[in-house]
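Peer 1: Structure provided below as structure tokens; questions to follow.
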Amino acid sequence: MMSRKLSPLCRGSAAWLPIVMMVILPATRILAQTSSQLGEVTLFGEEEFTIQAATKTELPISKAPGSVTVISAQQIRESGSRTIPELLRTVGGVNVRWNPMVQSLDIRSFGQNPFTSRVLLLIDGVPYNSWNKGGFPQHPGFDFFMMQNIKRLEIVRGPGSSLYGENAYWGVVNIVTLSGEDLQGGKVEVSGGDLLDQSVSTVYGRSTDNGSFLVSGRVQRGQLPLGFWIEDNDSEIEGSDIFIKAKRGGFEASYYRHQDELDGFSNPLGFVPGSFRSADKIKQTVDILAFKTSHDLRQDLTFSSDISYAQREGSRCSSCHAAPQNEAFSETVDHGFQLIGDFRLGVKMIPSHDILVGIEARRVDAGEHEDQLLQPTTDVQPVLAYTKVAAYVQDQISLAQDRFRLTLGARLDGSNDLFDSALSPRIAAVYTPSDSVVLRGGWSTAFRFPNFNELYQDSWFLNADSGFFAFPLSVFRPNPDLQPEEIRTFDVGAEFRLSPQASLKIDLFQSEVKDFVVLSFISPPVGPTQILSENHPGDATIRGGELELRWQPSRKFSTLFNWSYQENEQDDTRVDSSGKLFEFVYSPENKLNMATYLGPFRGFRGTIEAEWRDEREGPSAWNFAAGNRSTAILDAYTLVNARLSWDAPVRIGSSDEGLRFSIYGKNLLDEDIEETFLPIDTELPGATYSGAIELRY
């Protein structure tokens, strides 16, 4: 077994908490006002949100031990967003960008990796990240789940390994799905518009004796919204989704299948002869099956469990990067599976203590794409399957009639055939000094295991194909000696209910990262450039915060505004193998969001969502492609999306809503937006429009 020890994850940052609280507490006596409800103002007059992802237990958002945002089903319905990544653009501290094949997501961070490998994605609390790339399984693709099935989105900013282990590095996104009892009916939607957009979706759910069921599906086609796909290759993507969920007693089962097929590309590269060519078709099928149980063994003892199985069959990374290298790279293959069992006991035997004890077992298999990975040698035997067991404990301590809540937790991920054990502790406190003020502070840690691609990828990265012969311009170089990444974060926050209609939320954080995995571009004297995933020898610090104001003066007008600020710095002068200091790429210093929701007025409703993002640094490896720019700096931009809907006076059955007509506009300022810096056309298209007809019954 290769040894990869984690250094201790304890530092003195937690000692700042009493000092910061001493500064904030006097301010609360001035700002606090009497109110019947704690926490942030909801945008549509809903009850206070609950959240599961922060503690694996359901609790009000005002008691959540950390910086969290909840997007409700009503906000999703009234939004101008058509996908989950578009929704997440409106959240403070969250950066979403289009890279060539998918939208990637970072939270309080910088986008070194083209995949979302450092944010944990959950569906109903069950992990969903790819075991090969670490990011979301649907790559390429528009989205990673159907919005019509979402009850709420939970976004937790900051490390979450004390409960979830790997991937919960920058934060956690939990998709809480609707159940049959939430619907008691169905919906059909037909939409179409620019970029060959065509979609038909449906969902139906009902409660039954001692249970419920939900069935949902979608078929769609369109184009990935980048010049590379639209103008250079005229490629189309077609896909389908199926989601089924059933509940009975304390048992719940769900099944999700996603399929898509994308036309390949043959893109002329102006600086080399020939073309950079992929496979003719890029395909994938992802299946996820989950079983959940929850039972009260007695009044003060609860047992719950999640068992999930996920598998993917489809194209490999080399289908896009290295199709001319090997004919087999154009074929679909089995990408293996991930089997996870999470078993928990909730113990409330001690007064004022809510204890959670859990064991998680995980089996991971990389599948049958070894031909693009490092082959066994005398010195290195790649590990393409392993089993790992983890144990965690959490205690939520309620004091002063629940005015003060302390959360203590830790998780130990046991050693496996790839890595040694990793310990992830956390401490957090929530204090409610009055009925309109909530204060938070905490210290948390996380780690991330390098994935199979980072450890073993051994194929071409860029190729030139003349039609008669092909050769690599750059190649992936495997690095089986990668160490796990570490992060330590200290954060504080406060929420103020300024009035029954307005709330203000402030969050500040400082994160320290160690052994961060970066891509190094190394140019040898002869031969193609070598691209190596390696642990950067330097340490880095990230500081910043988010401020959000919510205001709902009436039921027909709601608005939110948030501002995110972030600064990054390397703590020393060490460089990687390519001679570079840390590059904090795709990380805007400032980001502003505004969203306004209007209506109904005679059945009409409208939404405007605007995002302004500061200029960002791109990878210097692509500076040669910067054109008349000297460095890889991406310009600031403003993205404005809007929706206008009309609810026709038509009702079917007992539904409160019937027929809705909607028009959506994206990038209404018609800006030339470039979110990823590469030597291909990565500009988003100008203004685009689509329409939808929705029938509820």
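The values are calculated or read from the model by the stated rules, or taken from the named source; none is laboratory data. Please read all numbers here as calculations on a predicted model, not as lab measurements. Glycine gets a Cβ as well: all are built from the backbone with ideal geometry, and neighbour counts include every protein chain shown.
Peer 1: Report the residue count in the stretch 344-385 for those that are touching a residue at least 40 places away in the same chain (Cβ under 8 Å) and under 30 Å from Ala429 (Cα atoms).
Peer 2: Final tally of qualifying residues: 13.
Peer 1: Within the stretch 451-503, which residues are of a type in the set (D, E, K, R) and at pLDDT below 90? Before the answer, list the steps.
Peer 2: From the stretch 451-503, those of a type in the set (D, E, K, R) are 454, 458, 465, 477, 481, 485-486, 488, 491, 495, 497; that's our starting set.
If the condition is that a residue be of a type in the set (D, E, K, R) and at pLDDT below 90, then Asp465 is the only one that fits.
Peer 1: Okay, moving on. In the stretch 214-247, what count of residues is obtained for those that are under 23 Å from the mean Cα position of the chain (by Cα), among the aliphatic types (A, V, I, L, M) and either in a helix (DSSP H, G or I) or closer than 24 Å to Ile673 by Cβ (or both)?
Peer 2: 3
Peer 1: Taking the stretch 498-529 as the search range and keeping residues that are among the aromatic types (Phe, Trp, Tyr) and not in a loop (DSSP other than H, G, I, E, B), which one is farthest from Ser554 (Cα to Cα)? Full working, then the answer.
Peer 2: The initial filter retains those residues of the stretch 498-529 that are among the aromatic types (Phe, Trp, Tyr), namely 509, 516, 521.
This time we only want the ones that are not in a loop (DSSP other than H, G, I, E, B), so: 509, 521.
Working: Phe509: 33, Phe521: 55 Å.
If we take residues in the stretch 498-529 being among the aromatic types (Phe, Trp, Tyr) and not in a loop (DSSP other than H, G, I, E, B), then Phe521 is farthest from Ser554 (Cα to Cα).
Peer 1: So which strands (runs of 3 or more DSSP E) are wholly in the stretch 36-111 and hold at least 2 residues that are over 28 Å from Arg344 (Cβ atoms)?
Peer 2: On the way: elements: 67-72, 94-98, 103-107.
Result: 94-98, 103-107.
Peer 1: I'd like to check something: does the stretch 119-140 contain any residue that is crowded, with 23+ Cβ neighbours inside 10 Å, out of contact with any helix residue (DSSP H, G or I) (no Cβ under 9 Å at 6 or more places or on another chain), more than 28 Å from Ile244 (Cβ to Cβ) and not basic (Lys, Arg)?
Peer 2: no
Peer 1: Restricting the search to the stretch 597-623, which residues are crowded, with 16+ Cβ neighbours inside 10 Å and charged (D, E, K, R)?
Peer 2: Selection gives Arg605, Glu609, Glu611, Arg613, Asp614, Arg616, Glu617.
Peer 1: Give the residues of the stretch 320-336 that are in contact with a Gly (Cβ under 8 Å, 6 or more places away or on another chain) and not in a strand (DSSP E or B), sorted by residue number.
Peer 2: Here is the first cut: in the stretch 320-336, the ones in contact with a Gly (Cβ under 8 Å, 6 or more places away or on another chain) are 320, 323, 332-336.
Those that are in contact with a Gly (Cβ under 8 Å, 6 or more places away or on another chain) and not in a strand (DSSP E or B): Cys320, Ala323, Thr332.
Peer 1: May I ask you to verify whether Ser578 is touching a strand residue (DSSP E or B) at 6+ places or on another chain (Cβ under 7 Å) and outside any strand (DSSP E or B)? Quick ask: steps written out before the conclusion?
Peer 2: Working: touching a strand residue (DSSP E or B) at 6+ places or on another chain (Cβ under 7 Å): yes; outside any strand (DSSP E or B): yes.
For Ser578, the condition - touching a strand residue (DSSP E or B) at 6+ places or on another chain (Cβ under 7 Å) and outside any strand (DSSP E or B) - is met.
Peer 1: Quickly run through the stretch 206-237 and pick out the residues that are out of contact with any helix residue (DSSP H, G or I) (no Cβ under 6 Å at 6 or more places or on another chain) and among the aromatic types (Phe, Trp, Tyr). Explain how you work it out, then say what you get.
Peer 2: First, pick out the residues of the stretch 206-237 that are out of contact with any helix residue (DSSP H, G or I) (no Cβ under 6 Å at 6 or more places or on another chain): 208-211, 215, 217-222, 224-234, 236-237.
Matches in the stretch 206-237: Phe228, Trp229.
Peer 1: Report, ordered by the first and then the second residue, all pairs with beta carbons closer than 6 Å, sequence separation of six or more or different chains, a first member in the stretch 661-680 that is assigned to a strand (DSSP E or B), and a second member that is among the aliphatic types (A, V, I, L, M).
Peer 2: Note: pairs meeting the criteria are Phe661/Ile693; Ser662/Ala692; Ile663/Leu644; Gly665/Ala642; Glu674/Leu634.
Peer 1: State yes or no: is Gln74 over 14 Å from the mean Cα position of the chain (by Cα) and within 30 Å of Glu534 (Cβ to Cβ)? Can you show your working first?
Peer 2: On the way: over 14 Å from the mean Cα position of the chain (by Cα): yes; within 30 Å of Glu534 (Cβ to Cβ): no.
Spelling it out, it is not the case that Gln74 is over 14 Å from the mean Cα position of the chain (by Cα) and within 30 Å of Glu534 (Cβ to Cβ).
Peer 1: I'd like to check something: does the stretch 187-196 contain any residue that is under 30 Å from Lys514 (Cβ atoms) and at pLDDT 95 or above?
Peer 2: First, pick out the residues of the stretch 187-196 that are under 30 Å from Lys514 (Cβ atoms): none.
Looking for residues that are under 30 Å from Lys514 (Cβ atoms) and at pLDDT 95 or above, one finds none in the stretch 187-196, hence no.
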